[in-house]
Amino acid sequence: MYTVLVVDDDAEIRDVIHVYLRNEGYHVIEAADGLEALTIVQSTSVQLIILDVMMPRMDGIKACLKIREVSNTPIIMLSAKQEDIDKITGLTTGADDYMIKPFNPLELLARVRAQMRRQSLLGTKKYNSLIHIKNLVIDKTKHSVKLNGKDISLTPLEFDILVLLASHSGQVFSTEQIYEKVWKEPYGYSDNTVMVHVRNLREKIEESPREPQYIKTVWGVGYKID
């Protein structure tokens, strides 16, 4: 089931969109402003966002820019003001589509379906290239890592270890498995290669490497990220 995030400070509009989307089989999450939407995007997997422009605390245009820093999820923007539409169509926000209020809910559904089809045709690689874990954002396509919004410089091997663990949340990997998957050669001897790289990785992403919040040690077994 696809999940759609509906962001609008008008509860009646959210309700109408919610009903139409639910009747089409979508799971719907609601937010009343941009800040709430950003929090949801950082912690929940959504396949599409419907985002109003005029909202308190953080408007839709600022929210769209912030969301684009951490997610490639398709965004359909809503606005009743022509000047807002001009900004949206100027491609400065990263929005994928827009609609002018008042709108026909059936037309909105058609736009939603079109974005879902486009996402499906492009494949999941683009939209699943980002991994979010707490305050850590890993972009597999750009080969980049951000912690609390700041770039973290990793070596290629450190990056590959992080992606391996983060892509299999909760799964424990032994040092042998990590070595064979990351170094791509048989693990034929016992040394500290993996342990050293994990330690260096922790130094870069953990606030307290001795009490890691991301890469956990499962004693006698290996490492994991929850």
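The values are calculated or read from the model by the stated rules, or taken from the named source; none is laboratory data. Everything numeric here is computed off the predicted structure, so don't read it as measured data. As a convention, Cβ positions derive from the backbone with ideal geometry for all residues, glycine included, and neighbour counts pool all protein chains shown.
One table, with the values for the structure above:
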item	result
Residue ranges of helices (runs of 4 or more DSSP H) in the range 1-78 with at least 2 members under 21 Å from GLU107 (Cβ atoms) and out of contact with any Ser or Thr (no Cβ under 8 Å at 6 or more places or on another chain)	11-23
Check on LYS146, outside any helix (DSSP H, G or I), among the basic types (Lys, Arg) and at pLDDT 85 or above	yes
Residue that is nearest to VAL137 (Cα to Cα), among those in the range 33-44 that are small (Gly, Ala, Ser) and buried (at least 18 other Cβ atoms within 10 Å of the Cβ)	ALA37
When residues of the range 94-113 are limited to those that are small (Gly, Ala, Ser) and in contact (Cβ under 8 Å) with a residue 24 or more places away in the chain, the one surrounded by the most Cβ atoms within 10 Å (Cβ to Cβ)	ALA95
Residue check for VAL194: outside the structural domain of GLU69 (by TED's automatic domain parsing), over 25 Å from THR73 (Cα atoms) and part of a helix (DSSP H, G or I)	yes
Residue match in the range 124-131 (condition: modelled with pLDDT of 90 or more and assigned to a strand (DSSP E or B))	no
Answer residue from the range 149-158, given it is surrounded by 14 or more Cβ atoms within 10 Å (Cβ to Cβ) and touching a strand residue (DSSP E or B) at 6+ places or on another chain (Cβ under 7 Å) and is nearest to GLU69 (Cα to Cα) among those	ILE152
